[in-house]
There are 2 protein chains.
Amino acid sequence: MIGIFDSGMGGLTTVRAIIERLPGYDLVYFGDNARTPYGNKSRETIIHYALQNTEFLLSQGAKIIIVACNTASSVATDSIQQTYHVPLFEVISPAVDCALQTSKHLQIGVIGTKATISSNIYPFKIKAKCPEARVFSQACPLLVPLVEEGWLNKPETRMIVKKYLIPLKTRQIDTLILGCTHYPLLKKSIQAKIGKRTTIIDSSIAVADSVADYLQSNPEIDSQLSKQGQTTFYVSDVTEHFQKTAETILKRRVHLNYVRL
Amino acid sequence: MIGIFDSGMGGLTTVRAIIERLPGYDLVYFGDNARTPYGNKSRETIIHYALQNTEFLLSQGAKIIIVACNTASSVATDSIQQTYHVPLFEVISPAVDCALQTSKHLQIGVIGTKATISSNIYPFKIKAKCPEARVFSQACPLLVPLVEEGWLNKPETRMIVKKYLIPLKTRQIDTLILGCTHYPLLKKSIQAKIGKRTTIIDSSIAVADSVADYLQSNPEIDSQLSKQGQTTFYVSDVTEHFQKTAETILKRRVHLNYVRL
């Protein structure tokens, strides 16, 4: 199976993208909503959680792992790779590649959680591939709770989005990376505030393309993956709110299995 | 020692109140910021965390326990009491007593997290003591992240506070219980929006009075408590943000000890 984890529900946008891009592949998802959010927590704690989540997915039969959480991708990818020998996908690199293909003037903005932005992973990866690019980052810690509350179109949300984006707008960025799996749900407000001339990069689509390319080039891995079109959902906390949001994002009924890590 | 726990930093307002009311008593605090916030999580998960936190404080020599978190107080008090035989204080009952003493027209409002409000603990306790009281509750899930971000005086915060309080203002409440330890930090905005005629009840002060009364009536417990004026802080995640906020709330230097539960 393809294993996917996130700190909570944000990674379901990646599940949706994988199902669209690789229909028929079996997926196992783990949402760590008993300990969500990760974005304000320390590096050490995020790494500890990411290793536990990976181990759980492997125990469920995952043969490749997608870290569908920008915070965990930013902070814990190296630790996971050093601990487990498994094909590993994170959501940063595909978004970086996509941004560099898209940007005309190489003025690139990145928004994410505090942990993601302070890791400096996006500027580091962008400049490694394209030293002349200029990268402007902005932590937006209130956007995750606003999305979790379902306040997608409220005036308060639009004001907060505007406040966060002003410094990036001033820099005249032409490309904006949504560096958090929750943010695609605010894409409309973000596009309205940053302006039509800025192209928005949604990492969930970029990572699905990258996994599909990998499987095409690595048929020996592809042949290990079961393909009965089943997705199994595990969560560390079962709430009605998660259930509802999952069904809204995936547009289907979802059965949540509880597991305590 | 007096043991106090909270899901994170909100309980520090209770620490401050206890230090003022019972100067000289030794305190041990545990902030579960690796798993914060509790307010959107399920009953089962909150009870599991509260029992772990209590056990930790007892292992550190706590002789009485204060649950300085409305969410855990609402959901987990019975479970803690059934599991550990220790004098236990929660933040609900003292606030209820204080509200009933204060309210003239018995029109009482309560604001709190989703878990606190959906537990119905405040209306239940108020009506048990005063069946003719009318209680109006409102979950305010975005206030905790706004406080954690330090957005105490921003226009966006005032708008969100106003939106949450409108249904209570319509009911012409004369007393409003701040049913979350984070909310005293927003007291100014809350008072401005709910109006001068409504008295605000801050549970951190109410619980400190209640502990002081208990110790006066139970000298055999009081004599077991060490009194060297020391407060020891444990957290499940060490972040600079927590450190700064703790020092702002307590107006002194704070050393954080890390513990993984």
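Readers should treat all values here as calculations from the given coordinates under stated rules, not as data from a laboratory. Model, not experiment: these values are computed from the prediction. We place every Cβ from the backbone using ideal geometry, glycine too, and count neighbours over all the protein chains shown.
For the pair segment A:69-83 / segment A:143-213, the C-alpha centres are spaced 23 Å from each other. For segment A:165-205, the equivalent ellipsoid derived from the alpha-carbon gyration tensor has semi-axes of 17, 10, 9 Å in decreasing order.
Placing a label point 7 Å from Cα along the Cα-to-Cβ direction at residue A:247 gives distances to the equivalent points in the other copies of 4.9 nm, listed shortest first. With the gyration tensor restricted to C-alpha atoms of chain B, the semi-axes of the equivalent ellipsoid amount to 28, 21, 17 Å, longest first. For residue B:221, the point set 7 Å out from Cα toward Cβ sits 5.9 nm from its twins in the other copies, listed from shortest up. Which of the residue pairs A:63/A:227; B:63/B:125; A:196/B:163; A:114/B:163; B:129/B:187 have a Cα-Cα distance greater than 23 Å in the structure shown? Listed pairs above 23 Å: B:63/B:125; A:196/B:163; A:114/B:163; B:129/B:187.
Classification of segment B:129-261 by its C-alpha gyration tensor yields an oblate form. The axis ratio a/c (a ≥ b ≥ c) is 1.5 or more, and b/c is at least a/b.
Rounded to a whole number of µm²/s, how large is the Stokes-Einstein D of the protein assembly as shown at 20 °C and 1.002 mPa s, given Rh as the Kirkwood radius over C-alpha pairs?
It diffuses with D of about 88 µm²/s by this estimate.
Close amide H pairs (under 5 Å, H built 1.01 Å from N) link residue B:66 with B:3, B:4, B:5, B:89, residues at least 5 positions away or on another chain.
Footprinting exposure proxy ranking of A:6, A:237, B:209, fewest other C-beta atoms within 10 angstrom first, gives B:209, A:237, A:6. Here the Karplus curve 6.51 cos²θ - 1.76 cosθ + 1.60, taken at θ = phi - 60°, turns the phi angles of segment A:224-235 into couplings of 7, 8, 6, 9, 10, x, 9, 10, 10, 10, 10, 9 Hz, with x standing for Gly and Pro. If you wrap the tightest convex hull around every Cα atom of segment B:4-111 and split its volume per residue, you get 113 Å³. Annotation note: GluC sites (Glu not before Pro) in segment B:124-180 located in DSSP loop regions with a Cβ neighbour count of at most 15 within 10 Å are B:132.
In the distance distribution for segment A:92-203, Cα-Cα pairs more than 20 Å apart total 33 percent. In the assembly of identical copies, residue A:52 has its label point, taken 7 Å from Cα in the direction of the beta carbon, separated from the corresponding points by 0.6 nm (ascending, one decimal). Annotation for segment B:69-135: trypsin sites (Lys or Arg not before Pro) lying in DSSP loop with at most 15 further Cβ atoms inside 10 Å of their Cβ are B:104.
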